[in-house]
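The values are calculated or read from the model by the stated rules, or taken from the named source; none is laboratory data. Please read all numbers here as calculations on a predicted model, not as lab measurements. In this analysis, Cβ positions are derived from the backbone assuming ideal geometry, glycine residues included, and neighbour counts consider all displayed protein chains. Just the protein is used for accessible areas: all its heavy atoms, side chains included, with ligands, DNA and RNA removed. Shrake-Rupley method; radii C 1.70, N 1.55, O 1.52, S 1.80 Å.
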Amino acid sequence: MGSIDDLPPFTHDARAKFTTPPVPGWTFGQKVDATLEGREWLAGEKAGFQVVDAATADPSRLYALMISGIIPRPIAFVSSISETGTENLAPFSWFNMVTFDPPVVSFAVLHLPGARGFKDTLRNVMSTKEFTVNIISHAFVAGANATAVDAPTEVSEWPLSGLTKEPSIKIKAARVKESAFSMECEDLQLFQSHEIVHPETGKATTTLVLGLVKYIHVRKDVLNERGLVDPVKLNAVGRLGDITYSRQSDPFRVPRGTWAVDGAAISELQ
């Protein structure tokens, strides 16, 4: 892949646009090798598969392999505040929506080795029971990435990010003003933190945080005519492996069948 200095410049004028699906006109039961693209994809099977035994593999190998293969991952840009008032800002790519009713999101925090134990974000959430999650767009990804630095607990990442604190409605932790989609969250009652324990060693290695969304802040200019977020306008970035990010390319829309319309055709395949 080479160093960053050897890569071509970022194309700021590239604009994503919606397209048809990769296989227009696909029908139920159609095999992958029915198209040229599908046959080319399946040709890669000739190289065989590498099988990794997760029970015996080195954890660092598992980490690198999984974050490079489970992609793209959404990023929770989490703002939190300690009981003493130190404000923290950090990205987490082990993040997703859990449910919408009630609205719950999750992110996982890997425990630190040694005496420090917990990351500042986790310590803050466990003590104050609140945080904000801000979606990162590529216009400010550099500032967001900078907050991943392993700064001492007493150091706030806000100043080094160049980003702007915007007061939240319900909680003390600020949201990121530059983010076009932010959520104020509380870690309360059933929506709390759960330790992930290794089945062999019994050691807790990660904490899964579940947050109840109290308020959503969405910038009006990223909404479409139906009042939903337009992914092209949001320009959210995703996390790939190592220090690699992705941006929205050309999203495509794939229609979904319904049993009322397609049930007869599906039944013929049984």
Any helix of the chain counts here only if DSSP assigns it H throughout, its Cα atoms span 20 Å or more along the axis, and its mean Kyte-Doolittle hydropathy is at least -1.0, and such helices are none
Return the calculated 222 nm mean residue ellipticity for the chain, to the nearest 500 deg cm²/dmol, obtained by summing -39500 (n - 2.57) across DSSP H runs with n ≥ 4 and dividing by the residue count. -4500 deg cm²/dmol
Separation of the LEU110 and ASP242 label points, Cα + 7 Å toward Cβ, nm: 1.5
Dipole check, region 1-158, charges on Cβ (K,R +1; D,E -1), about Cα centroid: among ASN134, ILE75, GLY25 the Cα furthest to the positive pole belongs to GLY25
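Taking only pairs that are 8 or more places apart or on different chains, how many Lys pairs in region 138-270 have Cα atoms under 16 angstrom apart? Please report the intermediate quantities before stating the final value.
Working: LYS165/LYS177; LYS170/LYS214; LYS172/LYS214; LYS177/LYS220; LYS220/LYS233.
Going through region 138-270 pair by pair, I get 5.
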Label zone at LEU269, where the point sits 7 Å out along the Cα-to-Cβ direction: region 4-29 residues whose backbone N lies under 15 Å: 23-29
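Evaluate the Kirkwood expression for the hydrodynamic radius of the chain, namely the inverse of the mean inverse distance over all pairs of different C-alpha atoms, and round to one decimal in Å.
On the way: mean 1/r = 0.0465 Å⁻¹.
Kirkwood radius, the chain: 21.5 Å.
With the Cα gyration tensor of region 1-78 in hand, give its eigenvalues times 5 under a square root as the equivalent ellipsoid semi-axes, listed largest first in whole angstrom.
29, 26, 16
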Could you list the residues of region 21-43 with an amide nitrogen less than 19 Å from a label point located 7 Å from the Cα of ARG226 in the Cα-to-C-beta direction? 21-22
Per 10 Å bin from zero, what fraction in whole % of the C-alpha pairs of region 20-124 is there, up to the bin with the longest pair? 10, 23, 27, 23, 12, 5, 0
Low-density loop positions, GluC sites (Glu not before Pro), region 108-177 - DSSP coil, at most 16 other Cβ in 10 Å: GLU154
Accessible surface, 1.4 Å probe, highest first, among residues ARG256, ARG239, ARG123, ARG39: ARG256, ARG39, ARG123, ARG239
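Remind me, what semi-axes does region 39-78 give for its equivalent ellipsoid, largest first in whole Å, using sqrt of 5 times each Cα gyration tensor eigenvalue?
Details: eigenvalues 128, 72, 6 Å².
Equivalent ellipsoid semi-axes, largest first: 25, 19, 5 Å.
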Set the Förster distance to 35 Å, then compute FRET efficiency between ALA146 and ASP58 from the Cβ-Cβ distance, nearest 0.05. 0.75
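Packing-wise, with mean Cβ within 10 Å as the measure, how do 77-90, 60-73, 206-219 rank, highest first? Could the numbers behind the result be given before it?
On the way: 77-90: 20.3, 60-73: 13.1, 206-219: 18.1.
Put in order of decreasing packing, that is 77-90, 206-219, 60-73.
What percent do you get for the relative contact order of the chain when only Cα pairs under 8 Å and 6+ apart count? Write down the numbers at each step before the final one.
On the way: 444 pairs, mean separation 59.5, N = 270.
Reported relative contact order: 22 percent.
What is the extension gain from LYS31 to ALA14, computed as 0.36 nm multiplied by their sequence separation minus the C-alpha to C-alpha distance, in nm to one decimal? Can you show the working numbers first?
Details: separation 17, 0.36 × 17 = 6.12 nm, distance 3.36 nm.
Contour length minus Cα-Cα distance gives 2.8 nm.
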